[in-house]
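Peer 1: Below is the structure I would like to discuss, written out as C-alpha cells.
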Ligand SMILES: [Zn+2]
C-alpha cells in the first residue's frame with residue numbers, strides 16, 4: 001500500500017466517524033430512549049409504554065373526578081318538580097321579568113316550596129338551600145331572605161332571583177352547615193299590578209301588619225297621626241290579617257332563622273334591628289357578632305350607609321328583631337330602577353355572601369335545638 005492510499009484510508013475513516021456522530025445527534029434522544037426502554041422493559045415498545053403511562057395518569061385523574069361527580073350527584077338537588085300552579089306562576093314571573101328587561105327569571109329551574117297563596121291566589125313560594133331534614137335534628141345556621149314585601153320595589157325582587165341563581169350555582173357541599181331560605185316575591189299581588197303598589201291586594205302595608213306587642217295600641221293611631229292616614233302605610237284592620245304577613249311569620253316559626261335579610265328600596269341604607277351589644281347579650285356574644293356582620297356588610301358594599309331607622313308597630317324589624325332577638329338586616333337599595341339591577345347585584349353580592357357565611361347561631365340553639373325553636 002502506497003503512502004497516498006494510507007492517507008486516503010485514514011481520511012475516509014475520520015470523515016465517516018464525524019458524519020455518524022453528526023447524524024446521530026438529532027435522533028440520539030429517541031434512540032437512547034428506545035435503548036433504555038428496550039433494555040429495562042424489553043417487552044414494551046416506547047410507543048406502547050407512553051400511552052400506558054398516560055392511561056395510568058388518566059386513570060388517576062379520572063378516579064377522583066368520578067368520586068367528586070358521584071358526591072355531587074348525591075348532594076345535588078333533584079330536578080325541580082313543580083306543581084302546575086307554580087309552573088304557571090313561574091311563567092307569569094318570566095313575563096314580568098321580560099317586561100322589565102331582566103331576561104328570564106330561571107324560576108322554573110328552582111325547587112320551590114308552596115303552602116299558601118296571596119289574596120288574589122298567587123302561590124307564595126320559597127326556596128331552601130341546605131338540608132331541612134338535618135336542620136330539624138341539629139339546628140344549622142339559618143339565613144332567611146325576603147324580597148318583594150313592597151311590590152312597587154321591583155328591583156329588590158330581581159335581586160332575590162340573583163341570589164337564587166348564585167345559590168343554585170354553588171357547590172351543594174357549601175350548604176353542609178347552613179340553611180338558606182329565600183322568599184323572592186312576598187307580595188305578588190302588588191308586584192303584578194299594572195302599576196305596582198306598596199300595599200297588597202287589600203291595600204295593607206305588609207310591613208306594618210306583623211303582630212307586634214304594640215300593634216293594637218299604636219298601629220292605627222300612629223298611621224292616622226304620624227302618617228296622616230297615608231294609604232301606602234295602612235297597617236290593616238288587625239295584625240296578621242294578611243296571608244303575606246302570615247307567610248313570613250310561619251317561615252320564621254318553621255325555620256327559626258339566625259338572621260333575616262329583607263331587601264327594600266330606595267332609602268339607600270342598611271338598617272339593623274335585633275340583639276344589641278349590651279350587657280345581657282354579651283353573655284352569648286350574639287349581639288356583638290350581629291353588629292360585626294352589619295359592619296362587614298356595609299364595608300363589603302363600599303361603606304354603604306348604616307342608619308338606625310326607627311321600627312314601627314307591625315314591622316318585621318320590630319316583631320322579629322326587637323321582640324324575638326333575631327338579627328334583622330334591612331337592605332334598602334338606592335332605588336327601584338329596573339335598569340340598575342346588575343349594578344346593585346355587583347355592589348351587594350359580597351354583603352349577601354358575608355351574611356350567609358356568618359354563623360350567628362345562639363349557643364342555646366346549637367345545644368338544645370328543639371326547645372329553642374318552640375319558643376318562637
Ligand atoms: Zn319597602
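Peer 1: Spot the failing condition for residue 190; the list is (1) outside any loop (DSSP other than H, G, I, E, B); (2) away from the ligand (no atom under 14 Å from the Cβ); (3) more than 30 Å from residue 139 (Cα to Cα), and only one is missed.
Peer 2: (2)
Peer 1: Here's another thing I want to ask about it. Residues in the range 325-334: is at least one touching a strand residue (DSSP E or B) at 6+ places or on another chain (Cβ under 8 Å) and over 21 Å from residue 251 (Cα atoms)?
Peer 2: The answer is yes, given that some residue of the range 325-334 is touching a strand residue (DSSP E or B) at 6+ places or on another chain (Cβ under 8 Å) and over 21 Å from residue 251 (Cα atoms).
Peer 1: I'd like to verify a number: residues in the range 148-173 that are more than 16 Å from the ligand (Cβ to nearest atom) and in contact (Cβ under 8 Å) with a residue 24 or more places away in the chain, how many?
Peer 2: Total meeting the criteria: 12.
Peer 1: Continuing with this model, one more query. For the range 264-280, name all the residues that are assigned to a loop (DSSP other than H, G, I, E, B) and either within 11 Å of the ligand (Cβ to nearest atom) or modelled with pLDDT of 90 or more (or both).
Peer 2: 265, 266, 267, 268, 274
Peer 1: Within the range 221-232, can one find any residue that is in contact (Cβ under 8 Å) with a residue 60 or more places away in the chain and either more than 16 Å from the ligand (Cβ to nearest atom) or not in a helix (DSSP H, G or I) (or both)?
Peer 2: The answer is yes; a qualifying residue exists.
Peer 1: Right, something else. Can you tell me which of 153, 168 is modelled with pLDDT of 95 or more and farther than 19 Å from residue 100 by Cβ?
Peer 2: Being modelled with pLDDT of 95 or more and farther than 19 Å from residue 100 by Cβ holds for just one of 153, 168, which is 168.
Peer 1: Report whether or not residue 99 is surrounded by fewer than 23 Cβ atoms within 10 Å (Cβ to Cβ) and either away from the ligand (no atom under 16 Å from the Cβ) or in the same structural domain as residue 236 (by TED's automatic domain parsing) (or both).
Peer 2: yes
Peer 1: I would also like to ask the following. Among the residues of the range 184-191, is there at least one that is farther than 23 Å from residue 268 by Cβ, in contact with a strand residue (DSSP E or B) (Cβ under 8 Å, 6 or more places away or on another chain) and modelled with pLDDT of 95 or more?
Peer 2: yes
Peer 1: Considering only residues of the range 174-187 that are buried (at least 19 other Cβ atoms within 10 Å of the Cβ) and more than 13 Å from the chain's Cα centre (by Cα), which is farthest from the ligand (Cβ to nearest atom)?
Peer 2: That would be 185.
Peer 1: Considering each residue of the range 130-157, count those that are closer than 28 Å to residue 359 by Cβ and surrounded by fewer than 24 Cβ atoms within 10 Å (Cβ to Cβ), and give that number.
Peer 2: Matching residues across the range 130-157 total 11.
Peer 1: Another question, then. For the range 323-335, does any single residue satisfy the condition of being assigned to a helix (DSSP H, G or I) and either farther than 15 Å from residue 142 by Cα or within 16 Å of the ligand (Cβ to nearest atom) (or both)?
Peer 2: Checked the range 323-335: no residue is assigned to a helix (DSSP H, G or I) and either farther than 15 Å from residue 142 by Cα or within 16 Å of the ligand (Cβ to nearest atom) (or both).
Peer 1: Restricting to the range 59-109, what's the tally of residues that are at pLDDT 95 or above and not in a helix (DSSP H, G or I)?
Peer 2: Of the residues in the range 59-109, 7 are at pLDDT 95 or above and not in a helix (DSSP H, G or I).
Peer 1: Within the range 202-211, is there a residue that is within 16 Å of the ligand (Cβ to nearest atom), in the same structural domain as residue 318 (by TED's automatic domain parsing), surrounded by fewer than 18 Cβ atoms within 10 Å (Cβ to Cβ) and more than 24 Å from residue 87 (Cα to Cα)?
Peer 2: yes
The values are calculated or read from the model by the stated rules, or taken from the named source; none is laboratory data. Note that the coordinates shown come from a computational prediction; the quantities given were computed from them, not determined experimentally. All Cβ positions, even for glycine, are placed from backbone atoms using ideal geometry, and neighbour counts span all protein chains on display.
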